[in-house]
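The values are calculated or read from the model by the stated rules, or taken from the named source; none is laboratory data. What you see is a predicted model, and the numbers here were worked out from it, not measured in a lab. Here Cβ is always computed from backbone atoms with ideal geometry, including for glycine, and neighbour counts include all displayed protein chains. Just the protein is used for accessible areas: all its heavy atoms, side chains included, with ligands, DNA and RNA removed. Shrake-Rupley method; radii C 1.70, N 1.55, O 1.52, S 1.80 Å.
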Amino acid sequence: MANEENAKTQDIKLDDTRRVRVLSPGMLVAKRFFRNRLAIIGMVIIIFMFLFSFLGGAIIPYGQSQVFYRTEEMKKDYAGATYISDYMLFENKEAELPSDLYSKSILGISTGKNVAETRNGGKIALRPLEGDSYIVYHAEETKNPRAIRSQEHDAAVGASDNYFEYDGVPYIVDSSTGKELLYMVSELGVVCKLSFTPYAQSTVLPFDFYKNVLVAMSQGDKKFEAQGNTYTLEQGGEESAMVLAEDGSDYVYITNMNMNSVIGGVFLSPEFKEAAALAIKEGAESFEYTSQPGEASLPETEGEGAAEDAAMENAEAADAKAVETYLLSEKNGQYLISRFQQTRVIDTYAKPSKAHLVGTDANGMDLLARLMYGGRISLLIGFVVVIIEVIIGVIIGGIAGYFGGWIDTVLMRLVDVIYCIPSMPLYLILGSVMDHYRASPTVRIYMLCVVMSIIGWVGIARIVRGQILSLREQEFMVAAEATGVRVSRRIFKHLVPNVVPQLIVFATMGLGEVILAEATLSFLGLGIKYPAASWGSIINAVNDSYVMTNYLFVWVPAGLMILLTVLAFNFIGDGLRDAFDPKMKR
């Protein structure tokens, strides 16, 4: 056995590959790189960031601009009420009305004159009723008042009433001028300080109803007729009354209060107005009201699906009675009716939970989703900008370093000029222009990449130029020139590859700077705009000291993402620099 081993040993020559362990330059660089623990940590962080941003954004069920809502019980204004202080005019639509009917009626009431002249030369007459109500007539003076004097005339004058009928014709007696004048009249409208609320929203009250119910209230009648129907009147003093239809059902509620809902689409029923008016009269701070089946109000909902939610709640309310408590408050004669109700509001600054692992921001958007989509933009801008910088820098620096002379002088002066351009004012101008034209988030991303690339390539150009100046005089370049290799091939095939190690290190460390610059611009409002997300724009949304100190989960994760990404690229850049250094120990 010993002899066989000695024979095998003697067969191996000194230059045999089995005796020499040779590593290629690439393998040597990789060995040095993976020996650096910080570089490995940086690689792991970058891989995680890419998986988090691109794969996580595809898996998470939320969109970056999806808004979330929550339901809260909030005190909401429901209706307003006030005692009617101004006269209200209910017109006779079948009559020809003068344009200044209301103003002349108010003028006659305030001056105590029953007859007034209108703008078109006609006259109106007022018939006062009990309860501060008036019937307004068109008046024509009779030429022979003595022929119309009758028992009805005498009875009206004796009862201090200025209205009577003779042979079916209505007349008004006017004694305000000291001389008794007689006018034949026709109805134009009624003026009162009352509101009329039908129990059915579709009910349209005719003029005869207004006139006859006011006359019945003035005379204390229990019944009256209007357009062939007989109605029953139940008065609650001069402040309110209830009108019943022929079948005994509630028909119209009359009150001296004006009450309207502050919520669009809500009909205040007569029962509600009656309960509210009674509570206001008694000076109560709240009252309860039981909604009737079929009586539904539109809840104040917001956001996507609000109409469907309202329809569902109305359908449920239509088949059930609900007892609700309403609150009353008074200020300067104005009464505000409010209530607590379930309201959908934007789920702002929701703390981390099972539904939202990182919470929500000021717009009710899921922060985890925005971090994922924002990572795509931040990483994409970083790589695109660096790639464009490397391409421009290699071309300009390679040409300047190889040819030298006046070409080098011109190109380096161009580099100096671009170095002198202040970047921040340029970003401000660009941001103002894009705001003026309302550029979309996509256009902003492209423009940001272009501008940052145009400003940032000069450093790479100088590095490439300096390296090529030292390499172009070496023997391998002399040999390439002697063999007739064309100029472009000498530059980009023989010179530029020798600069690649320095380019890789510079580009890797520049990635972190670009991401940091984009985050800074977005924080200043010059970068990515809402609703698109980037890590910088997420931090920019926190512009309030209270939010910054009390809702750390809103901005700390984005800050950590930027910190870890920039730190990881710096670790990788340091590792590559050490790996490409030929003086490093093996």
Which numbered condition Phe492 misses (of (1) among the hydrophobic types (A, V, I, L, M, F, W, C); (2) within 40 Å of the chain's Cα centre (by Cα); (3) open to solvent by 50 Å² or more (accessible area, probe 1.4 Å); (4) within 30 Å of Asp578 (Cβ to Cβ)): (2)
Count - residues of segment 362-382 that are open to solvent by 10 Å² or more (accessible area, probe 1.4 Å) and not in a helix (DSSP H, G or I): 2
Mind telling me which of the residues Val385, Val451 ends up being open to solvent by less than 70 Å² (accessible area, probe 1.4 Å), at pLDDT 85 or above and either in a helix (DSSP H, G or I) or of a type in the set (D, E, K, R) (or both)? Val385
Looking at segment 508-545, which of the residues that are hydroxyl-bearing (Ser, Thr, Tyr) and in contact with a helix residue (DSSP H, G or I) (Cβ under 9 Å, 6 or more places away or on another chain) is farthest from Gly573 (Cα to Cα)? Tyr530
Would you mention how many residues in segment 55-94 are in contact with an Asp or Glu (Cβ under 8 Å, 6 or more places away or on another chain) and either among the polar types (S, T, N, Q) or surrounded by fewer than 16 Cβ atoms within 10 Å (Cβ to Cβ) (or both)? 4
Residue list for segment 420-448, filter: open to solvent by 60 Å² or more (accessible area, probe 1.4 Å) and outside any helix (DSSP H, G or I): Ile421, Pro422, Tyr437, Arg438
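Here is a yes/no grid of residues against (1) touching a residue at least 24 places away in the same chain (Cβ under 8 Å); (2) closer than 23 Å to Leu511 by Cα:
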| residue | (1), (2) |
| --- | --- |
| Val390 | yes, yes |
| Ile399 | yes, no |
| Gly405 | no, no |
| Leu414 | no, no |
| Pro425 | no, yes |
| Ser432 | no, no |
In segment 103-118, anything surrounded by fewer than 18 Cβ atoms within 10 Å (Cβ to Cβ) and touching a residue at least 24 places away in the same chain (Cβ under 8 Å) is listed as Ile106, Gly112, Lys113
Test: residue in segment 468-487 that is modelled with pLDDT of 80 or more, over 16 Å from Ala400 (Cβ atoms) and open to solvent by less than 20 Å² (accessible area, probe 1.4 Å): no
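The rows are residues; the columns are (1) in a helix (DSSP H, G or I); (2) open to solvent by 10 Å² or more (accessible area, probe 1.4 Å); (3) at pLDDT 90 or above; (4) within 26 Å of Ile504 (Cα to Cα).
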{"position": "Leu526", "(1), (2), (3), (4)": "no, yes, no, no"}
{"position": "Ala533", "(1), (2), (3), (4)": "no, no, no, no"}
{"position": "Asn543", "(1), (2), (3), (4)": "no, yes, no, no"}
{"position": "Thr549", "(1), (2), (3), (4)": "yes, yes, no, no"}
{"position": "Pro557", "(1), (2), (3), (4)": "yes, yes, yes, no"}
{"position": "Ile562", "(1), (2), (3), (4)": "yes, yes, no, yes"}
{"position": "Ile572", "(1), (2), (3), (4)": "yes, yes, no, yes"}
{"position": "Gly575", "(1), (2), (3), (4)": "yes, no, no, yes"}
Sort out which residues of segment 495-510 are open to solvent by 10 Å² or more (accessible area, probe 1.4 Å) and either under 30 Å from Asn363 (Cβ atoms) or β-branched (Val, Ile, Thr) (or both), and write them in order of number. Val496, Val500, Ile504, Val505, Thr508
Conditions (1) over 19 Å from the mean Cα position of the chain (by Cα); (2) closer than 19 Å to Tyr62 by Cα: number failed by Lys331: (2)
Could you list, ordered by first residue, the pairs with Cβ atoms under 6 Å in which the first is in segment 444-473 and within 15 Å of Glu513 (Cα to Cα) and the second is of a type in the set (D, E, K, R) and at pLDDT 85 or above, at least 6 apart or interchain? Ser453/Glu389; Gly456/Glu389; Trp457/Glu389; Ile460/Glu389
Checking Asp366, Asp408 in turn, the sole residue that is among the acidic types (Asp, Glu) and more than 37 Å from the chain's Cα centre (by Cα) turns out to be Asp408
Hits in segment 178-190 (condition: of a type in the set (Ser, Thr, Tyr) and either under 18 Å from Asn258 (Cβ atoms) or surrounded by fewer than 22 Cβ atoms within 10 Å (Cβ to Cβ) (or both)): Ser186
Which one of these is open to solvent by 50 Å² or more (accessible area, probe 1.4 Å), under 21 Å from Asp86 (Cα atoms) and in contact (Cβ under 8 Å) with a residue 60 or more places away in the chain: Lys211, Lys193, Lys273? Lys193
In the set Glu239, Glu225, the lone residue that is closer than 19 Å to Ser85 by Cα, of a type outside the set (Ser, Thr, Tyr) and either open to solvent by 60 Å² or more (accessible area, probe 1.4 Å) or under 42 Å from the mean Cα position of the chain (by Cα) (or both) is Glu239
